[in-house]
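**Q** Before we start, here is the structure in question, set down as structure tokens.
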Amino acid sequence: MKKTEKSFPSAILGLCLFFGTGLLGSCSKTPVPPGAVSLTIVNTLTTPLIVNFNEEDSILFTGGGVGQIVDRNTALAFGLNGGKQIVNLREINTANPIYTWADHSMLNLLFDLPAGTMGSLFVSGTKEVPDTLLVRDSPLHFPAGDSSMGIRFINLSGEKAAVDVNLAGQADGSEAADLAYKNITAFTRYPADASVQQYVFEFRNASDGSLLATAAMSNINNPGTSGAANLWRHRNFTLVFRGVPGSTDSPPAAFIVRNH
């Protein structure tokens with residue numbers, strides 16, 4: 001069936017959104033309010049998605065739709081009511097000067113998200129055959145004087161092969177060994193003090209050790225006392241591996257999502 005497209009309406013309906021810019025996906029360090037949930041949607045597809053939280057044909061949006069568009073290789077965090085929650089995802093057509101979207105959902109999901117939940121919805125696979133993984137987040141907490149950060153890893157490889165993750169210069173699998181498709185590690189504490197300038201993580205084929213992608217976290221030793229704030233200390237991050245070796249549309253890559 002031929003799909004039609006719709007453009008953004010002129011009305012603006014408010015959603016409770018938290019979002020950021022640049023390489024880091026968005027989120028909030030503030031605890032989830034009573035009765036609410038925090039849901040971070042992570043998009044590893046080759047197309048941006050528009051997110052809606054009902055089954056209607058209309059799209060609710062804030063700020064011209066920007067607050068509902070999850071671009072490829074990025075994440076967007078939403079503050080929602082607890083309980084039954086519809087997540088309606090549609091493909092965005094970026095070729096049009098004014099963003100348009102398909103008239104049918106790529107994914108229409110129903111979750112039960114208990115009040116107080118912090119969760120992440122990972123969208124992987126392809127736009128023709130999308131796949132999802134919903135996890136409940138358990139971020140690390142950082143007491144006063146603890147100059148550290150939390151990092152976890154997830155494998156969303158398009159070829160569904162296992163990967164090893166290591167710090168540059170260390171043995172294959174030093175951080176995560178034989179991480180299978182759609183598997184995710186727990187958050188692990190890493191130093192984020194003046195002694196650490198950067199972390200460079202390498203994602204390798206678990207079978208032959210070939211390098212697939214890298215992800216760098218720089219300026220970790222920024223004191224944050226003047227000028228730019230320290231973006232890493234006392235925060236949690238997810239390093240997402242996606243893509244297929246040899247693919248031109250979706251080559252292997254790793255990107256960073258800032259969580260809580």
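The values are calculated or read from the model by the stated rules, or taken from the named source; none is laboratory data. Keep in mind the model is a prediction, meaning the values are calculated, not measured. Here the Cβ is made from the backbone with ideal geometry for all residues, glycine too, and neighbour counts use every protein chain on show.
**Q** Of these, Arg189, Arg242, Arg235, Arg258, which one is more than 28 Å from Ala144 (Cα to Cα) and modelled with pLDDT of 95 or more?
**A** Working: Arg189 fails: more than 28 Å from Ala144 (Cα to Cα); Arg235 fails: more than 28 Å from Ala144 (Cα to Cα); Arg258 fails: more than 28 Å from Ala144 (Cα to Cα).
From the options Arg189, Arg242, Arg235, Arg258, the qualifying one is Arg242.
**Q** If you check every pair at least six apart or on different chains, which have Cβ atoms under 6 Å apart with a residue in segment 180-201 that is under 22 Å from Ser218 (Cβ atoms) and touching a residue at least 12 places away in the same chain (Cβ under 8 Å) first and a residue that is assigned to a strand (DSSP E or B) and acidic (Asp, Glu) second?
**A** If the second residue must be assigned to a strand (DSSP E or B) and acidic (Asp, Glu), no pairs are left.
**Q** Can you name the residue in segment 86-110 that is charged (D, E, K, R) and closer than 23 Å to Gly158 by Cα and is also surrounded by the most Cβ atoms within 10 Å (Cβ to Cβ) among such residues?
**A** Only one residue tops the list, namely Arg90.
**Q** Given the condition in a strand (DSSP E or B), touching a residue at least 24 places away in the same chain (Cβ under 8 Å), surrounded by 12 or more Cβ atoms within 10 Å (Cβ to Cβ) and out of contact with any Lys or Arg (no Cβ under 6 Å at 6 or more places or on another chain), answer yes or no: does some residue in segment 216-229 qualify? Before you say what the answer is, go through the steps one by one.
**A** To start, the set of residues in segment 216-229 that are in a strand (DSSP E or B) comprises 216-218.
Keeping just the survivors that are touching a residue at least 24 places away in the same chain (Cβ under 8 Å) gives 217.
Next cut, surrounded by 12 or more Cβ atoms within 10 Å (Cβ to Cβ) only: 217.
This time we only want the ones that are out of contact with any Lys or Arg (no Cβ under 6 Å at 6 or more places or on another chain), so: 217.
Yes, segment 216-229 has at least one match.
**Q** Another question, then. Condition first: surrounded by fewer than 13 Cβ atoms within 10 Å (Cβ to Cβ), among the aliphatic types (A, V, I, L, M), in a loop (DSSP other than H, G, I, E, B) and touching a Lys or Arg at 6+ places or on another chain (Cβ under 7 Å). Can you find one or more residues in segment 189-204 that meet it?
**A** No, segment 189-204 has no match at all.
**Q** If you go through segment 111-142 one residue at a time, how many are surrounded by fewer than 16 Cβ atoms within 10 Å (Cβ to Cβ), in a strand (DSSP E or B) and either over 19 Å from the mean Cα position of the chain (by Cα) or of a type in the set (Phe, Trp, Tyr) (or both)?
**A** Within segment 111-142, residues that are surrounded by fewer than 16 Cβ atoms within 10 Å (Cβ to Cβ), in a strand (DSSP E or B) and either over 19 Å from the mean Cα position of the chain (by Cα) or of a type in the set (Phe, Trp, Tyr) (or both) number 1.
**Q** Something else: Return the total of residues in segment 159-169 being part of a loop (DSSP other than H, G, I, E, B) and either buried (at least 22 other Cβ atoms within 10 Å of the Cβ) or free of Cβ contacts under 8 Å to residues at least 60 places away in the same chain (or both). Before you say what the answer is, go through the steps one by one.
**A** Narrowing segment 159-169 to residues part of a loop (DSSP other than H, G, I, E, B): 159-162, 168-169.
From what is left, the residues that are either buried (at least 22 other Cβ atoms within 10 Å of the Cβ) or free of Cβ contacts under 8 Å to residues at least 60 places away in the same chain (or both) are 160-162, 168-169.
Residues meeting the conditions: 5.
**Q** Considering Thr126, Thr117, Thr132, Thr100, which residue is of a type in the set (Ser, Thr, Tyr), modelled with pLDDT under 95 and closer than 30 Å to Glu202 by Cβ?
**A** On the way: Thr117 fails: closer than 30 Å to Glu202 by Cβ; Thr132 fails: modelled with pLDDT under 95; Thr100 fails: closer than 30 Å to Glu202 by Cβ.
Exactly one of Thr126, Thr117, Thr132, Thr100 is of a type in the set (Ser, Thr, Tyr), modelled with pLDDT under 95 and closer than 30 Å to Glu202 by Cβ, namely Thr126.
**Q** May I ask you to say which residue of Asp208, Asp249 is surrounded by fewer than 20 Cβ atoms within 10 Å (Cβ to Cβ) and at pLDDT below 90? Explain how you work it out, then say what you get.
**A** Working: Asp208 fails: at pLDDT below 90.
Result: Asp249 is the single residue among Asp208, Asp249 that is surrounded by fewer than 20 Cβ atoms within 10 Å (Cβ to Cβ) and at pLDDT below 90.
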